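> Here's a structure for you.
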Ligand SMILES: Cc1cc2nc3c(=O)[nH]c(=O)nc-3n(C[C@H](O)[C@H](O)[C@H](O)COP(=O)(O)OP(=O)(O)OC[C@H]3O[C@@H](n4cnc5c(N)ncnc54)[C@H](O)[C@@H]3O)c2cc1C
């Protein structure tokens, strides 16, 4: 079985979920080829090779500096035709999902997204994903022609750390870079802060934090744990915080080691995005709040008092006081 793992980079750095893809590929065995597209892809390909990427294909071009799904699809489609993989693995991030839905339509193979486990049955890959808010697990196999496109949910597989690989630099036809859309600049709205999909610790705020004026208090708690600031949809819809922080059914699916839900009631649409977190701590002034049903540690109290107290404690611990 031939597997192609499509790594992603942002601002010239590999997304850490790229290394999780390599581990996902290893879980089914087969012949692994990894792929990285960037303005200067060679150093990134070297990193992938050293982390178990197998044969690593590097494509460098000025038009690959930023993610442009139109161009990425054309470049990868050409490489799929050359390497003819049976399975193409990608990251279930916003970029990854945009890329893979276009790729599967363009290459004519089926796609399954947000996969948390891969198994093999009769020599073919079967992808396992959860449905209906995590109450059903479905196993999805492929039928018909074309490669099987699968996006892997971040933070499920561990990162692959070792393995030797070889790097192959490839070029594709100039026509692949002809696109109707040009990405001239990407401005990160949360520059300098940790993203919720990459974080090991997430501190999330809900309507119970009362107003946007209290979010710096939440950010300080997140910073004290080197974590990211998450949010419920209620406060995103209220315009307190950008959508990129939203956790849940219509936000991001996260799987950190520690998730702290502060002033969040625990609606099912929020839970489906975070319920697989390692340890869940909830702070809520209502002792019957549904979030406490899934919390490992429940703190009943006012967020305005609990959050500063926790921040003070964590900062003191860090200083060794
Ligand atoms: C199709 C659909 C998709 C959705 N997608 C998402 C999604 O992706 N993510 C998401 O989060 N939601 C989503 N929702 C919305 C979801 O149903 C809830 O409305 C939302 O999660 C509620 O946010 P909340 O917990 O912050 O607010 P609330 O439900 O209003 O809860 C606030 C909580 O704060 C507590 N509280 C109040 N004051 C304090 C205080 N001083 N100290 C401590 N606690 C306090 C209250 O007891 C309460 O439990 C979706 C809904 C639909 C219909």
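> Give the shape of the range 92-184 as rounded, prolate or oblate, defined through the alpha-carbon gyration tensor: a ≥ b ≥ c are the square roots of its eigenvalues, a/c under 1.5 means rounded, and otherwise the shape is prolate if a/b is larger than b/c and oblate if not. Let's see the in-between values first.
Values: a/c = 1.66, a/b = 1.44, b/c = 1.15.
The shape class here is prolate.
> Applying 1/(1 + (r/R0)^6) with R0 = 56 Å to the Cβ-Cβ distance of residue 217 and residue 50, what FRET efficiency is obtained, to the nearest 0.05? It would help to have the intermediate numbers written out before the result.
On the way: r = 41 Å, r/R0 = 0.74.
Approximately 0.85, to the nearest 0.05.
> Oh, and also: Shape of the chain from its Cα gyration tensor (a ≥ b ≥ c, root eigenvalues): rounded if a/c is under 1.5, otherwise prolate when a/b > b/c, or oblate? Mind dumping the intermediate values first?
Details: a/c = 2.08, a/b = 1.76, b/c = 1.18.
The shape class here is prolate.
> Could you tell me the calculated FRET efficiency between residue 27 and residue 170, based on Cβ-Cβ distance and R0 = 35 angstrom, to the nearest 0.05? Could you put the intermediate results ahead of the total?
Values: r = 26 Å, r/R0 = 0.75.
The calculated FRET efficiency here is 0.85.
> Please compute the length gained on full extension between residue 82 and residue 2, using 0.36 nm multiplied by the number of residues separating them and subtracting their Cα-Cα distance.
Details: separation 80, 0.36 × 80 = 28.80 nm, distance 1.22 nm.
Length gained, residue 82 through residue 2: 27.6 nm.
> Among 101, 106, rank each residue by its count of other Cβ atoms within 10 Å, from fewest to most, as a rough exposure measure.
106, 101
> Run the helix sum for the chain: -39,500 (n - 2.57) per DSSP H stretch of 4+ residues, divided by residue count, reported at 222 nm to the nearest 500 deg cm²/dmol. Provide the component values of the computation, followed by the final result.
Working: 8 runs with 84 residues, N = 321.
Taken over the chain, the calculation gives -8000 deg cm²/dmol.
> Another one. What relative contact order, as a whole-number percentage, does the chain give when Cα pairs under 8 Å and 6 or more residues apart are counted?
Details: 710 pairs, mean separation 47.5, N = 321.
After rounding, I find 15 percent.
> Taking the beta-carbon count within 10 Å as an exposure proxy, list 311, 197 from fewest neighbours to most.
Details: 311 20, 197 24.
So the residues, fewest neighbours to most, are 311, 197.
> Rounded if a/c is under 1.5, else prolate if a/b is larger than b/c, else oblate: which is the range 201-319, with a ≥ b ≥ c the root eigenvalues of its Cα gyration tensor? Numbers along the way, then the final one.
Numbers: a/c = 1.31, a/b = 1.22, b/c = 1.07.
Note, shape of the range 201-319 comes out rounded.
> What does the extension gain come out to for residue 182 and residue 302, with contour length at 0.36 nm per residue minus their alpha carbon separation? Provide the component values of the computation, followed by the final result.
Values: separation 120, 0.36 × 120 = 43.20 nm, distance 4.84 nm.
38.4 nm is the gain from fully extending residue 182 to residue 302.
> Between residue 139 and residue 268, with labels modelled 7 Å along Cα→Cβ, what's the label distance in nm to one decimal, could you check?
For residue 139 paired with residue 268, the spin-label model returns 2.6 nm.
> Now a separate question. Test of understanding: what is the full-extension gain from residue 162 to residue 66, defined as 0.36 nm times their sequence separation minus their Cα-Cα distance?
Working: separation 96, 0.36 × 96 = 34.56 nm, distance 2.79 nm.
Result: 31.8 nm gained on full extension.
FYI, it's all coordinate maths here, none of it is from the lab. Here the structure is a predicted model, which is why all the values come from computation and not from measurement. Positions of Cβ are backbone-derived with ideal geometry, glycine not excepted, and every protein chain shown enters the neighbour counts.
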